[in-house]
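Each remark here refers to the structure printed beneath this line.
The values are calculated or read from the model by the stated rules, or taken from the named source; none is laboratory data. All values reported here derive from a predicted model rather than from experimental measurement. Counting neighbours? That spans all protein chains shown, and the Cβs are built from the backbone with ideal geometry, glycine included. Only protein heavy atoms, including side chains, enter the accessible area calculation; ligands, DNA and RNA are left aside. Shrake-Rupley method; radii C 1.70, N 1.55, O 1.52, S 1.80 Å.
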Amino acid sequence: MDKNLIRELANYTHNAEKEKREIIKITAELYPELTIDDAYLVQEELVRQKLEEGKRIVGPKMGITSEAKMKQMNVDDPIYGYVFDNMLVNEGESISIDDYIHPKVEPEIAFILSRDLEGPDVTQLDVLRATEYVLPAIEIIDSRYENFNFTLPDVIADNTSAAGAVFGTQLKRPDNLELDVVGVTVSINGKIQALGAGAAVLEHPANSVARLANMLSKKGEKVKAGQPILTGGITEAVKLSRGDYVSVKYGGLGEVSFFVR
Ligand code: 0L1
Ligand code: MG
């Protein structure tokens with residue numbers, strides 16, 4: 001793919017993110033031929049631009065991690081993107097809805113590794129052995145595309161809709177936790193809007209970290225120790241509105257909350 005085109009497409013999604021403005025998906029008219037491999041080149045350029053602006057990668061995130069969503073999008077692999085430091089929201093604090101386009105939240109379990117993991121054959125057991133802590137988290141997604149209407153290459157080129165992350169402050173050792181049967185409820189203003197269990201993420205959230213390591217190995221990259229890794233939404237994404245109090249409870253892992261003003 002031509003370098004100028006990669007830059008043009010990265011500018012397209014990056015500018016929309018900076019200006020909090022909806023855009024039409026790339027594959028509609030701008031470049032209908034965009035493949036998944038092309039889209040990761042666009043994402044790499046987007047990441048490069050953000051780093052050049054002084055932003056810092058906090059950690060990777062996985063998306064499309066439920067079998068139902070993969071089937072719906074007709075793909076075999078989940079997708080990945082990156083959470084940056086300017087996207088972090090402190091637990092218990094508030095966000096302004098005006099800083100987003102049409103934000104939604106996803107309850108996720110995050111992993112912090114004690115050592116790097118390098119694919120291509122990383123397993124769930126390898127991940128659990130390398131895990132220092134797991135922690136509860138909420139991802140805020142905010143596709144830059146109109147009505148969240150995109151194909152898989154489009155969403156990869158948009159850094160997989162990454163817009164925010166709230167990490168819980170309780171870190172737990174993974175040893176005595178059964179993360180596949182951890183229950184999760186997402187409440188808005190005290191009313192449960194979605195619920196699920198850890199197994200919704202590739203049967204076990206550790207599988208998501210393994211898949212990430214194996215996908216990154218195709219580019220000669222690893223999953224790094226010390227970074228929180230968002231493993232994917234346990235329930236469908238829940239839309240946010242001004243005035244919401246968002247509270248997510250995780251069995252055995254604690255609670256994470258924030259306000260929307
Ligand atoms: O983190 C995610 O699972 C989001 C992936 C992109 C799909 C979306 O924006 O709904
Ligand atoms: Mg997510």
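When ASP175, ASP180 are compared by accessible area of protein heavy atoms, the largest-first order is ASP175, ASP180, using a 1.4 Å probe. Dipole magnitude for region 68-218: about 300 debye, using +1 per Lys or Arg Cβ and -1 per Asp or Glu Cβ, origin at the Cα centre. Atom-type composition of the exposed protein surface of region 2-52 places 49 percent of the accessible area on carbon and sulfur (1.4 angstrom probe). For region 54-119, the dipole from Cβ point charges (+1 on Lys and Arg, -1 on Asp and Glu) about the Cα centre works out to 120 debye, to the nearest 20. Rounded to the nearest 500, the 222 nm mean residue ellipticity of the chain from helices alone is -7500 deg cm²/dmol, with -39,500 (n - 2.57) taken per DSSP H run of at least 4 residues. Rolling a 1.4 angstrom probe over region 145-261 with all protein chains present gives an accessible area of which 48% lies on carbon and sulfur atoms.
When only the Cβ of Lys, Arg, Asp and Glu is charged (+1, +1, -1, -1), the dipole of region 146-234 relative to its Cα centre reaches about 300 debye.
For the chain, the relative contact order comes to 27 percent (Cα pairs under 8 Å, sequence separation of at least 6). The count of lysine pairs in region 1-157 with alpha-carbon distances below 24 Å, taking only pairs 8 or more places apart or on different chains, stands at 25.
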